[in-house]
Amino acid sequence: MTNHKFPVRGRSWEEVKAAMEEARKDDHPWHGANHFKATYFAGDDIVDVANQAYQMYIAYNALYGTTSFPSLGRYEAEIVDMLLEMLNAPEGAGGNLSTGGTESNVMAVKTARDRAREHRPQVTAPEIVVPHTIHASIEKAAHMFGIKLVKLTHSLNFRADVGAMARALNDNTIMLVASAPPSAYGVIDPVAEIAALAESHGLWMHVDACIGGFILPFARKLDFSIPDFDFSIPGVMSISADIHKFGYAAKGVSALLFRDSKLDAYRRFSYEGLTGLYSTPNITGSRSGGAVASAWAVMHYLGEEGYLKSVKSILGIKQRFMDGIRSIEGLEIWGEPQAYHFGFGSKSFDIFAVGDGMADRGWGIGRGMEPPSILLMINLSHEPIVDDFIRDLAEVVEAAKAGEIQARGEKAIYAV
C-alpha cells in the first residue's frame, strides 16, 4: 500500500483537477448504458435539477434545520409529508430524513430496541427475526446494538418464509423485518402476512423499502397485481425509503417513516449539555443540506406524473430484458420480480462463466450467490442497448455451454 504524505505546498485548482481527471479515467461512467449495478438515471434534466438544488445548499448543515436554516426544516417536513401520503400512512404518522438506506434501517432497529426496553423490560437479550434475503444493513444494526439476529436459512420462491419466521419467534423477539423488495431478486416479501404475525405477538414490524419505495407506489398504479407493502397494512410500524435511488435526488438522502409520529421519541437521541439541547434523529449529527434540498427540488420537478412516466418506462425496459433472457435456452429468471431489478441463472451450466464472458465484452453486471446469479439493475439509460445485451448474452451462453468459457472464480462483492 502506498504511503501518501500530507502535501507541504498547495497546488492550483487546474493541477488538482487534472490529477483527479487522471485518477478517475478507469472508473465506470456512473450511468453508462453498459453498467447494470446500482445507479439511478432518468434524464439529464433531472440530474441538472438535483445538482443545482444541491449546489444552492452545499454549504448548509441540515443539523440546524430548525434554527439557522429554516428553509431546510421546511423542505424536510414537506418531503416527509409527501412520502407519508405516497405510502398510505394514517393520520398522525411521522418520520425524518437520514443520509441513506443503511442509516434508515439502523435507526429502525434502534427505535424498535428502545421501545422494547420501555414496554418489555423483561427482555434482556433482544432478538430480531429476518428473512434469508435481508439487506446487510439490518445485520450491521444488530451487530452495532448487540442484538441477536435470527436469520432464516432459506426462502420460498425468493420470498420470506413466514412459517419459518413464526417458528423462530420466542420471548426475546422484539422485531420482524421484510423487504419490498430485497436487493438480490426484486421479489417483494409477503409483507401483509409478516405484519399480521408481528401484530399478533405485539412485535415491531419494519419494511425495508429502500429500493422499492419510489418504484412500487407508482408501479401499483400501473399494475394492480403489485401487492400491498406499506402503511395500508395495519401491522407495519416503520418503512425506510431511499430518495437518492429512484427518487432521483443527489446522494445521500433517505427517509425512515413511522405509523405514529410519537414513535420518533424512541428513535431520537437527546442530550442537554454545555451548548444547550442536542437532539438528533440519526447517527449522524451534521448532514448535507444539499441532499435535502435536492430531494425537495426533484420531487417537485417531477411530481406524480413524472414518476409514473419514469416507472412505466423502467418496467417496460425490464420486461424487454426478461423476455430476451427467457428466450435463451437454459436461462431462468428467479421468481417474479416486481421492482426494477432481477436475478437470473441456469440449472444446466455455470452462470458465472457467462458473467465473466459478458464482463469481457464490456458489460458491468452484478452477481448473486444463492443461487448463482447474474443481477441486473435497470434504469432509463439501458433502453437503447437491450437488443445488444441479449445478442451478446446468447452468444456467451453458447460459448459457456461448449466449454469455451470458464468462470474465473472471482468473489462476488457488494461493497468493500
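Summing +1 for each Lys or Arg and -1 for each Asp or Glu, what net charge is found among the other residues whose Cβ lies under 10 Å from the Cβ of Gly101?
Neighbour charge sum, excluding Gly101 itself: -2.
Taking N as the number of residues in segment 21-111, what value does Rg over Cα atoms divided by 2.2 N^0.38 Å take?
1.40
Over segment 1-108, with the other protein chains present, what is the accessible area per residue in square angstrom, probe 1.4 angstrom? Numbers along the way, then the final one.
Working: 7040 Å² over 108 residues.
Dividing the accessible area of segment 1-108 by its residue count gives 65 Å².
How many percent of all Cα-Cα pairs in the chain sit more than 40 Å apart?
Values: 17815 of 86320 pairs.
Of the Cα pairs, 21 percent sit more than 40 Å apart.
Ranking request for peptides 201-213, 317-329, 253-265: highest mean number of other beta-carbon atoms within 10 Å first, then the rest in descending order.
My ranking of the peptides, most packed first, is 201-213, 253-265, 317-329.
Report, in listed order, any pair from Lys5/Lys140; Lys37/Lys401; Lys110/Lys312 with a Cα-Cα distance greater than 31 Å.
As for pairs spanning more than 31 Å Cα to Cα, those are Lys5/Lys140; Lys110/Lys312.
At 4 °C and 1.567 mPa s, grab the translational diffusion coefficient of segment 268-416 from Stokes-Einstein with a Kirkwood Rh over Cα pairs, rounded to a whole number in µm² per second.
70 µm²/s
Sorted from largest to smallest, which semi-axis lengths in Å does the alpha carbon gyration tensor of segment 47-184 give for its equivalent ellipsoid, taking the root of 5 times each eigenvalue?
Rounded to whole Å, the semi-axes are 33, 19, 14.
State the Cα centre-to-centre distance between segment 69-91 and segment 325-355 in whole Å.
Between the Cα centres of segment 69-91 and segment 325-355 lies a distance of 39 Å.
Under 37 °C and 0.692 mPa s, how fast does segment 141-257 diffuse according to Stokes-Einstein, given a Kirkwood radius computed over C-alpha pairs? Answer in µm²/s, whole number.
The Stokes-Einstein estimate is 220 µm²/s.
If I take the Cα coordinates of segment 276-364 and project them onto the principal axes, what are the three extents in Å, biggest first?
65, 32, 26
Go through Pro384, Ala184, Val80 and say which Cα lies farthest out towards the positive end of the charge dipole of the chain; charges sit on Cβ, +1 for Lys and Arg, -1 for Asp and Glu.
Toward the positive end, the furthest listed residue is Val80.
The values are calculated or read from the model by the stated rules, or taken from the named source; none is laboratory data. Owing to the predicted nature of the structure, the values given are computational and were not obtained by experimental measurement. Cβ: placed from backbone, ideal geometry, glycine included. Neighbour counts: every protein chain shown. Side chains included, ligands, DNA and RNA excluded: accessible areas come from the protein's heavy atoms. Shrake-Rupley method; radii C 1.70, N 1.55, O 1.52, S 1.80 Å.
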